[in-house]
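The values are calculated or read from the model by the stated rules, or taken from the named source; none is laboratory data. Not measured: the values here are computed from a predicted model. Note: ideal-geometry Cβ built from the backbone for every residue, glycine included; neighbour counts use all protein chains shown. Accessible surface areas use protein heavy atoms only, side chains included; no ligands, DNA or RNA. Shrake-Rupley method; radii C 1.70, N 1.55, O 1.52, S 1.80 Å.
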Amino acid sequence: MIVAETAEGYQFVTQPDHAALAGQFADAWGNDDFDRPEPFDSLVLAAYAHDTGWRTYDRRPHLADGDPVDFREMPAEPWIALYDEGIDAVAEMDAYAGLLVSMHGAGLRNQRYGLSPSWPETPPEYREFVDREHRRQRRLLEGLLDSEGGGAREDGTASGAPDSSATGADRDLLRSLHADGGVPDGYDGRLWADYRRLQAWDALSLAFCLTDDPPGYDEIGAVPTSDPRGDTTLSVARVGAEAYTIDPYPFEASPLAVSVPVRTVAKPIGDESSLARAYYGSGPETRRFTLRRAEA
């Protein structure tokens, strides 16, 4: 659950609803300046489903020391369990999407593979989870490269798997990322850019969910562009009531209308049972946002 304290109480957005907003950004992604790689289906699936493991946990808000528990404050044990469940579910649907979602989950506890160097290094209670996901990533990649027993073609793509986005270069990428070595020199695969696309959609969604007065983030970095090795930083700015500019603009259409459901509970909170009744009794409100290009 994403919890934002307001003047009157608390705003709640479930993680699956936040992921659905990330999916709306993925649906609309791509123009002359921002590549929309093909095939794209696995990326859209990863965006919409990257937090699917939260569904059971987010059926109700939780309390700790009298305050609602925000997703950034969860204990390790339930956090790991729900990510295990969610990554399993995505990988069963689509191996490449599962690989991206595994990288997303492990990256949250591993400084996002160098994208967030100011974050804490992997806490001991998450080390086993990160190591397990690294093993999963290698298995998923090998399965993609050896799909239907075809192995990899000379160009590195998976024979017998025409929709696979994995290449032989991604073996070196995962090996280097898992060893905290960053992206290897000369890397020419697509996986690293696709992981950063997923991070961009996730962060952009959070920018509109973390607070009742968006944007929660005014900059989102390391966003892939149409340059195969290029990236940029997106700037998010309010320009009116529920209206925002994104610069540079990464979507096909401008303006772009998106939405996310929220629930608001007034203070005081009481216990978890009374919080659950107030949460469902408040009814959902659809927050709508309009995104457009910045004026030249």
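Among ALA276, ALA207, ALA237, ALA200, which is the only one that is in contact with a Pro (Cβ under 9 Å, 6 or more places away or on another chain), surrounded by fewer than 18 Cβ atoms within 10 Å (Cβ to Cβ) and part of a helix (DSSP H, G or I)?
Going through ALA276, ALA207, ALA237, ALA200 in turn, just one is in contact with a Pro (Cβ under 9 Å, 6 or more places away or on another chain), surrounded by fewer than 18 Cβ atoms within 10 Å (Cβ to Cβ) and part of a helix (DSSP H, G or I): ALA276.
Would you tally the residues in region 111-159 being open to solvent by 100 Å² or more (accessible area, probe 1.4 Å), modelled with pLDDT under 95 and among the acidic types (Asp, Glu)?
4
Take the residues in region 2-17 that are among the acidic types (Asp, Glu) and more than 14 Å from the chain's Cα centre (by Cα), then tell me which one is surrounded by the fewest Cβ atoms within 10 Å (Cβ to Cβ). Quick ask: steps written out before the conclusion?
Keep residues of region 2-17 that are among the acidic types (Asp, Glu), which gives 5, 8, 17.
Checking the rest, the ones that are also more than 14 Å from the chain's Cα centre (by Cα) come to 5, 8.
On the way: GLU5: 14, GLU8: 11.
This residue is GLU8.
Can we say ASP231 is within 17 Å of the chain's Cα centre (by Cα) and not aliphatic (A, V, I, L, M)? Please lay out each step first, then the result.
Details: within 17 Å of the chain's Cα centre (by Cα): no; not aliphatic (A, V, I, L, M): yes.
No: the conditions fail for ASP231.
Of (1) part of a loop (DSSP other than H, G, I, E, B); (2) of a type in the set (D, E, K, R); (3) farther than 23 Å from LEU108 by Cα, ASP180 satisfies all except one. Which?
Against the list (1) part of a loop (DSSP other than H, G, I, E, B); (2) of a type in the set (D, E, K, R); (3) farther than 23 Å from LEU108 by Cα, ASP180 comes up short only on (3).
Looking at region 33-90, which of the residues that are touching a Phe, Trp or Tyr at 6+ places or on another chain (Cβ under 8 Å) and among the hydroxyl-bearing types (Ser, Thr, Tyr) is nearest to ILE246 (Cα to Cα)?
SER42
Taking interchain pairs and intrachain pairs at least six residues apart, which have beta carbon atoms under 7 angstrom, with the first residue in region 236-247 and at positive phi and the second open to solvent by less than 60 Å² (accessible area, probe 1.4 Å) and of a type in the set (Val, Ile, Thr)?
Short answer, once both residue conditions are applied: GLU242/THR290.
Free of Cβ contacts under 8 Å to residues at least 12 places away in the same chain and within 30 Å of THR232 (Cβ to Cβ): does that describe ARG72?
yes
Among (1) modelled with pLDDT of 95 or more; (2) open to solvent by 20 Å² or more (accessible area, probe 1.4 Å), there is one condition ARG229 misses while meeting the rest; what is its number?
It is condition (1) that ARG229 fails.
Could you check, for region 72-84, whether at least one of its residues is in a loop (DSSP other than H, G, I, E, B) and either under 30 Å from GLY9 (Cβ atoms) or not basic (Lys, Arg) (or both)?
yes
Looking at ASP84, ASP67, which one is open to solvent by less than 70 Å² (accessible area, probe 1.4 Å) and touching a residue at least 12 places away in the same chain (Cβ under 8 Å)?
Only one candidate qualifies: ASP84.
So which residues in region 171-189 are open to solvent by less than 40 Å² (accessible area, probe 1.4 Å) and either under 25 Å from TRP29 (Cα atoms) or not hydroxyl-bearing (Ser, Thr, Tyr) (or both)?
LEU173, LEU174, LEU177, HIS178, GLY182, PRO184, TYR187, GLY189
Answer yes or no: is there a residue in region 19-42 that is hydroxyl-bearing (Ser, Thr, Tyr) and either open to solvent by 40 Å² or more (accessible area, probe 1.4 Å) or within 14 Å of SER205 (Cβ to Cβ) (or both).
Of all residues in region 19-42, those hydroxyl-bearing (Ser, Thr, Tyr) come to 42.
Those left that are additionally either open to solvent by 40 Å² or more (accessible area, probe 1.4 Å) or within 14 Å of SER205 (Cβ to Cβ) (or both): none.
Looking through region 19-42, none of the residues is hydroxyl-bearing (Ser, Thr, Tyr) and either open to solvent by 40 Å² or more (accessible area, probe 1.4 Å) or within 14 Å of SER205 (Cβ to Cβ) (or both).
Of everything in region 92-110, what is part of a helix (DSSP H, G or I) and either open to solvent by 50 Å² or more (accessible area, probe 1.4 Å) or aliphatic (A, V, I, L, M) (or both)? Give them in sequence order. Spell out how you get there, then give the answer.
Within region 92-110, the first condition is being part of a helix (DSSP H, G or I), and the residues that meet it are 92-93, 95-108.
Residues satisfying the conditions are GLU92, MET93, ALA95, ALA97, LEU99, LEU100, VAL101, MET103, ALA106, LEU108.
So which residues in region 240-263 are under 26 Å from PHE12 (Cβ atoms) and either open to solvent by 20 Å² or more (accessible area, probe 1.4 Å) or of a type in the set (S, T, N, Q) (or both)?
Matches in region 240-263: GLY240, ALA241, GLU242, LEU256, ALA257, SER259, PRO261, ARG263.
Modelled with pLDDT of 95 or more and in contact with a helix residue (DSSP H, G or I) (Cβ under 7 Å, 6 or more places away or on another chain): is that true of VAL262 in this structure? Explain how you work it out, then say what you get.
Working: modelled with pLDDT of 95 or more: yes; in contact with a helix residue (DSSP H, G or I) (Cβ under 7 Å, 6 or more places away or on another chain): no.
No: the conditions fail for VAL262.
Just to be sure, is ASP35 over 15 Å from MET93 (Cβ atoms) and in a helix (DSSP H, G or I)?
On the way: over 15 Å from MET93 (Cβ atoms): yes; in a helix (DSSP H, G or I): no.
It is false that ASP35 is over 15 Å from MET93 (Cβ atoms) and in a helix (DSSP H, G or I).
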